[in-house]
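J.: Structure below; questions to follow.
What follows is calculated from the coordinates using simple rules that are stated; it is not laboratory data. The shown structure was predicted, so the numbers you read here are calculated from the model rather than taken from an experiment. Cβ atoms come from the backbone with ideal geometry, glycine included; neighbour counts cover every protein chain shown.
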Amino acid sequence: MMDLLIPDKTHDESRQGEALMLKAETAKNNGRKLYIESYGCAMNFSDSEIVASILAESGFETTPDYSIADVIFINTCSIRENAEQRVRNRLKEFTVAKVKNPGLVVGVLGCMAERLKSKFLEEEKLVDVVVGPDAYRDLPNLIDQVDGGQKAVNVLLSREETYADISPVRLNSNGINAFVSIMRGCDNMCSFCVVPFTRGRERSRDPQSIIAECQDLFDKGYREVTLLGQNVDSYKWKSKVEGSESEVISSVSEAETNFANLLEMVALISPDLRVRFSTSHPKDITDDVLYAINKYDNICNYIHLPVQSGNSRILDLMNRTYDREWYINRIDAIRRIIPDCAVSTDVITGFCSETDEEHKETVSMMDYVKYDFAYMFKYSERPGTLAAKRYADDIPEEVKQKRLSEIVAKQQEYSFYRMQARIGKVEKVLIEGFSKKSDKDYCGRSDQNAMVIFPVGEGYKPGEYVNVLIERSTSATLIGRVV
Ligand code: SAM
Ligand code: SF4
C-alpha cells in the first residue's frame, strides 16, 4: 500500500518500530530488561510510555537491544491490513532471541492484541502474553503468570480507565515536544474503522490531571504539548462544584469542561507553551474551539480535519455523520475565524461502491480546501467493522491505486503551493534540534506545523523560539534564516 507520509508528528513514519529508552532506576531494579517498540498513531507511542512507567515501578529497566531483553513488547496497530502484516513480520525476527533465551517473555499490546485476543496465541506461537489498551496496569501480574509457565491474556476494555494518575516517562523524547493523552476510545462508528472495537468506549480524562501534566512538562523545559484523542472535540468532563446557598443548605452543581475550555486552560499555563491537538472530527468541531485558537497566540493555527471523502453518499456509507456541505461549512468557518490556519486531512480512496464521479468529488474537495498536508490511504477492509459486514469491498485494487496516485499527485501540488506562499514571510519557529541532513542546520516547526530549516547560529538553541525569514521551500520543508 502506498500511503503518503507528510510532516505531521501524530503518525510519524520515521518513529515506526522505535524502541523506548528510560533512565535506569537502580533503587527499584529487579535485574530484568524490557524492550518495547511501537507502531501506529501517536496514541500508541504515548501508551508505550505509560507501559514503561508501570513496569519501571516493578523494577524493569529498558533496553534498546531486544537480543538482551527479558521481556519484549510490541505495541501494535490494526488500522489497515498492512499495519498488522508489519507486526507479524517483526514478530518472526524475535524467534532467534527466544531460542537463545527460552525464559524470554514476548508480549503483544495495543489494538491488534485487542482485535485478535487469545486467537493471537494460537496464530503466533512465539507470543506469551496478549494485552489490550485498557489492561496495562495488569502487566506485572501477567508477566508473573508467564514466568509461572502459563500464557496470559487480558483484553478487558474499560469505561473508566484513562491512566490519569500515571505520569508517562518520556526520556527518549527531545525534551521539547510531548504528547498528552486527554481522552481514550471512540464512540463514533465510522463503518471502515476498527478503533471503536480495539480501544473501546470514549472517556475523557480529568482536566486537572491534564493541566498538572502540562504544567509539569513546561516546568521541565518542554515548550510544546499535543493534546491527543481520537475525537478531541467531544472531550467532556463534568465535575461537582460545591456552593452554599444559605448557612444551612449547601448545593452541589455540575460544571462542564469542554474541549474549547480545556484548550484555554492549557494555553494559560504560559504564553511560551505551544498547544497543538489531534484529531478533530468535522461533525464536532465548534466555533468556540475556533475562537479559542484565534484568541491565544500559543494555540497553534493548525487543524487536522479528516474528510475521508468529498462525496455525500460515500460519507453516509462511511457513517461519518456529516456531508460535503457540512464539511465545507466547517472549512469556511476556519477560514473566517482563524486567518492563516493550516488544515490537513485524511482521505480514503476506493471505499465500497465508490464511482469515478464520486472520487472526483474528493478531488474537487482538495481543490476547494487546498490542504497543507494529507494522509491518503486505499480502503482496507477490516474484519468486524460495519463496512465489512454490510458492503462488498468491490473496488478493484488497480482502481484504488489509480485514485490514490491521483490524489497523492494533487496533494503534492497543494503542499508545494502552501509552502511557496510562505516565502518572504517571517515564521516563529520552536527549535527542535539539528536537521536530519546536517548538523550545520537546525529544524523546528512553524505555528502552522510546517518544518522549517535554517542555519545553526550563536544566540539560539533547541527549545527556544526564533523568527525565521523564509527564502525557499520544497513541498515538505521551508528553508530560511534567522532574523
Ligand atoms: N479518529 C480520527 C478520525 O476520525 O479522523 C483518526 C482515526 S484513524 C487512526 C486514522 C485514519 O486512518 C482515518 O482518518 C482514516 O483515514 C484511516 N483509516 C481508518 N480505517 C481505515 C481503513 N479501514 N482503510 C483505510 N484507511 C483507514
Ligand atoms: Fe475511527 Fe471514526 Fe472513531 Fe476516527 S472517529 S477513530 S475514524 S471510528
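J.: Give me the count of lysine pairs in the stretch 306-423 whose alpha carbons sit under 22 angstrom apart, restricted to pairs 8 or more positions apart or on different chains.
T.: 16
J.: Still on this structure, please answer the following. Taking +1 at the Cβ of each Lys and Arg and -1 at the Cβ of each Asp and Glu, which of 163, 194, 227 sits farthest along the dipole of the stretch 154-245 towards its positive end, judged by Cα position relative to the Cα centre?
T.: Of the listed residues, the answer is 194.
J.: Counting Lys and Arg as +1 and Asp and Glu as -1, what is the net charge of the other residues whose Cβ lies under 11 Å from the Cβ of residue 164?
T.: In short, -2.
J.: For the chain, what relative contact order do you get, as a whole percent, if you take Cα pairs closer than 8 Å and at least 6 residues apart?
T.: 11
J.: A follow-up question, please. Among the lysines, which fall within straight-line cross-link reach of residue 33, defined as a Cα-Cα distance under 21 Å, with same-chain neighbours fewer than 8 residues apart omitted?
T.: Excluding near neighbours in sequence, the set is 23, 92, 98, 100, 151.
J.: What lysines could a cross-link reach from residue 461, if we take a straight Cα to Cα line under 18 Å and drop same-chain neighbours fewer than 8 places away?
T.: 220, 428, 436, 437, 440
J.: Taking the chain as a whole, which cysteines find no other cysteine Cβ under 4.7 angstrom from their Cβ?
T.: Lone cysteines by the Cβ rule: 41, 77, 111, 186, 214, 300, 341, 352, 443.
J.: Give me the net charge for the shell around residue 382: Cβ to Cβ below 12 angstrom, other residues only, Lys and Arg +1, Asp and Glu -1.
T.: -1
J.: Provide the percentage of antiparallel DSSP beta bridges, counting only those with both residues in the chain; round to the nearest 5.
T.: Antiparallel bridges make up about 45 percent of those DSSP assigns within the chain.
J.: Ok, one more. I need the shape label for the chain. Rule: rounded when a/c is under 1.5, else prolate if a/b > b/c, else oblate, with a, b, c from the alpha carbon gyration tensor. Don't jump to the answer; show the numbers that get you there.
T.: Details: a/c = 1.29, a/b = 1.17, b/c = 1.10.
Taking the square roots of the gyration eigenvalues as a ≥ b ≥ c, the chain is rounded.
J.: Per DSSP H run of n ≥ 4, the term is -39500 (n - 2.57); total these for the chain, divide by its residue number, and report the mean residue ellipticity at 222 nm rounded to 500 deg cm²/dmol.
T.: Result for the chain: -9500 deg cm²/dmol, rounded to the nearest 500.
J.: Please figure out what share of the DSSP beta bridges in the stretch 113-234 is antiparallel and state it in percent, rounded to the nearest 5.
T.: Values: 2 of 10 bridges.
Here the share of antiparallel DSSP bridges comes out near 20 percent.
J.: Something else: Would you list which aspartates and glutamates come within 13 Å of residue 238, measuring only between C-alpha atoms, while excluding same-chain residues fewer than 8 positions from it?
T.: 206, 254, 256
J.: I'd like the antiparallel share, as a percent to the nearest 5, of DSSP beta bridges with both residues in the stretch 168-318.
T.: So the antiparallel bridges in the stretch 168-318 amount to around 50 percent.
J.: If you don't mind, another one. Tell me, what is the FRET efficiency for residue 413 and residue 329 to the nearest 0.05, using R0 = 22 angstrom and their Cβ-Cβ distance as r?
T.: E(calc), rounded to 0.05, equals 0.30.
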